[in-house]
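Every number here is computed from the coordinates shown, using simple stated rules; none is lab data. Just so it is clear, the model here is predicted, and its values are computed rather than measured. Here Cβ is always computed from backbone atoms with ideal geometry, including for glycine, and neighbour counts include all displayed protein chains.
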Amino acid sequence: MAGLVRNYVRALFELSLEAEELEGNVRQAEELAIDLTGEDRMFYLREPDVPLYEKREKLEAEFKDRLSVTMWSFLQQLLADGKTSYLPDILSGFIHISKRHLGHVEARVKSAKVLIQSERDRIQSILEEKSGKPVNVTYSVDEDLIAGFYVLMKGKIFDASARGKLNDLKRMIGGGDHLVSEAGELSTVIKEQIKSFTQMSEFEEVGTVVVVGDGIAKIYGLDNVMNGELIQFSNGEFGMALNLEEDVVGAVIFGSDQGIKEGDPVKLTGRMAEVPVGDRMSGRVVNALGQPIDGEKDIQADAYLPIERQAPSVIMRREVNESLETGIKSIDALVPIGKGQRELIIGDRQTGKTAIAVDAILNQKGKNVKCVYVAIGQKSSTVARIRARLKEEGALEYTTIVFSSASDSSPLQYITPYAGCSIAEYWMEKGEDVLIVYDDLSKHAVAYRTISLLLGRPPGREAYPGDVFFLHSRLLERAANMADAYGGGSITALPIVETQEGDISAYIPTNVISITDGQIFLEANLFNNGFRPAINPGLSVSRVGGSAQHPAMQRLAGPLRIEYAQFNELAAFSQFGSDLNPETQSQLNHGERIREVLKQPQYEPVDVSYQIMILYALTKGAMEDIDVHRVNYFQRALIHVAKRTDPQLSLDIRHSDRLTDELSERIDRLIQEVKVKYFSETAVEASEERPHA
């Protein structure tokens, strides 16, 4: 009913202005509010069994001669509408906005004990001197202040309480740039902070909590707050302003809302939400605020960056011109990714989406690429397993994990990907290449939907707010390949989106598909049939990565997609009959070997030079006479022999702009050696040496 009360307040205020009776009506409203405070006085107005004429008679007898024409007419209308039960709230609102209009100043003083009259007079004198106007002061006692008092006036707070001073000192000691390791050093830091601490309090702009719950607070006041600005609550928790409305500010709370209650003050900080960045973030697990959660020592940041930053402009970018190798044959061959690209990984749950992202991170070892893995709303056990695998493979040293668990609040899950992107941007602006994984944006959208509904934003399709597209576009647009004039660094983004029953036409999947430069589609049927990674080449595409693909890989993989698509059609057709001509049978045999080549175990990335050797052997028909179940063995044998007999070949392929005749001959010799050593009749019966890739 707050909207209804506000409408009546506005009507009475405008009528009083038109009749030039505002000051008199404010005095009458104050007297009327006092008269109506008793339960017995309001009873006849609230009681529905009392007839309307009887209510009118009682009102007329008590108030008609005491009220102006405007006030009396308003009461009559309120009575006719049957809304007299809202009269105390209407009068309170009318008094408040009228005094603001008239320039009156209201102040609230809370003290640790009851103030004597001389103390009140002194406070009143100071406040009137500060405001330059008469001040109406109301006093109350709050023993939690320990000692002293604080004043709330015109949306600003003057905190001269012992509790406020202790909180300020605590923040100064705990929020400094010092990394304290020993008790003696801690003592020195405390002494330095106390020396620099001032007892002088200044007026700070504050608001008042109106509603709090579910990680959301609505705050009255804060007229000068900025969208996205950090605010601080009375329990020490920070929040961020998201909704700037006419009367209230809607904010999210980064932490627990316990201890925050209606009427508590909220301070502005003058800072936007930011996260610590720097080289020391590598190898660490941090939360959405950049605080370490891996049980190791504190992180000394090189700098702080806002979590919300403007994406690089067109002038600052250059085209994708360098490949980012994932080590996964089906991706590097069929849907190649370039540095600065945004490639979506999409599929149902439990189809290997995270596995592809982790393999891509593992493959960056020794390639001078920093990695950021952003886990949004994931299980803690899952992230612990990923961290352990990265550490085991030696990949954690160049990887930062930014993690908000499923048990964290929606506001923390909401800011997690933006915080991770800011950490990556620090390295990009230094000219380094970064790979960032967002796992996953479906849970991110759900967290944002929760926040938006709690803030009262109107819902749209699937109850998502109208700006859910902008939610992800402003994040993914920050991935870029920067021009040399702007450092020459890059951020390559691999966002992950979960589908339901393979439906890529749902709201969030279609949004993210339209933002990204391609998608890798994982199919549940392929996964369940043992084809892993379960990538569907027909629905997967890379719109810009092909131009950055290795020339030799580009030439070999070109016909591969068509041949594999033809194989799938023939395989479906051949189920209806057994008589196949030799040409069709040959295509089926070749297609089965393509499928086997594209299979790859998890956590075993393959260097692109060895991928080129394998695809060369496949396209030249070197696997046609090998049993389909031994194709994987052939690949391992080829890599093993190449590493042992011609280790220079891998480097020569990588640095060559094409597969020359000389390189082809060297690969042919390796293939022949593998076949003789591991696939001849004598080798099949007994082999003294087993290959290991």
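A few remarks follow.
- From least to most packed, judged by other beta carbons within 10 angstrom and beginning with the fewest, Arg555, Arg658 follow the order Arg658, Arg555.
- Counting DSSP beta bridges with both ends in the chain, the antiparallel % (nearest 5): 55
- For the peptides 661-669, 486-494, 332-340, the ranking by packing is 332-340, 486-494, 661-669, with the highest mean count of neighbouring Cβ atoms within 10 Å listed first.
- Zone residues, the range 133-155, relative to Gln117, backbone N less than 17 Å from point 7 Å out along Cα-to-Cβ: 137, 139
- Listed residue (Thr400, Ala642, Ala311) projecting farthest to the positive dipole end of the chain, Cβ model: Ala642
- Here Lys165 is the anchor, and the lysines within straight C-alpha reach of less than 30 Å, apart from those fewer than 8 places off in the same chain, are Lys110, Lys113, Lys130, Lys133, Lys154, Lys156, Lys191, Lys195, Lys218, Lys261, Lys267, Lys297.
- Which of Thr450, Thr138, Thr660 has the fewest Cβ neighbours within 10 Å, and the rest in rising order: Thr138, Thr660, Thr450
- Farthest positive-ward along the chain dipole, Cα basis, beta-carbon charges - from Ile337, Ala388, Phe254: Ala388
- Order by protection proxy (mean Cβ within 10 Å, highest first), peptides 299-310, 427-438: 427-438, 299-310
- Partners for Lys367 among lysines (Cα-Cα distance below 25 Å; same-chain residues under 8 apart left out): Lys329, Lys339, Lys353, Lys391, Lys430, Lys599, Lys643
- Within the chain: Cβ-based charge dipole about Cα centre, in debye rounded to nearest 20 (Lys, Arg +1; Asp, Glu -1): 800
- Tensor-based shape of the range 305-548 (alpha-carbon gyration tensor, a/c under 1.5 rounded, otherwise prolate or oblate): rounded
- By the combined test of axial Cα extent (at least 30 Å) and Kyte-Doolittle hydropathy (mean at least -0.5), the qualifying DSSP H helices of the chain come to 551-574.
- Point-to-point label distance, Gln648-Ile34, nm (Cα→Cβ direction, 7 Å offset): 10.4
- Under the convention that each Lys and Arg Cβ holds +1 and each Asp and Glu Cβ holds -1, the size of the dipole of the range 551-685 around its Cα centre is about 440 debye.
- The chain - percent relative contact order, Cα under 8 Å, separation 6 or more: 10
- When Ser586, Ser111, Ser140, Ser473 are arranged by Cβ crowding within 10 Å, least crowded first, meaning fewest neighbours, the order is Ser140, Ser586, Ser473, Ser111.
- Farthest towards the positive end of the charge dipole of the range 124-163, among the residues Phe158, Gly148, Pro134, is the Cα of Pro134, using unit charges on the Cβ of Lys, Arg, Asp and Glu.
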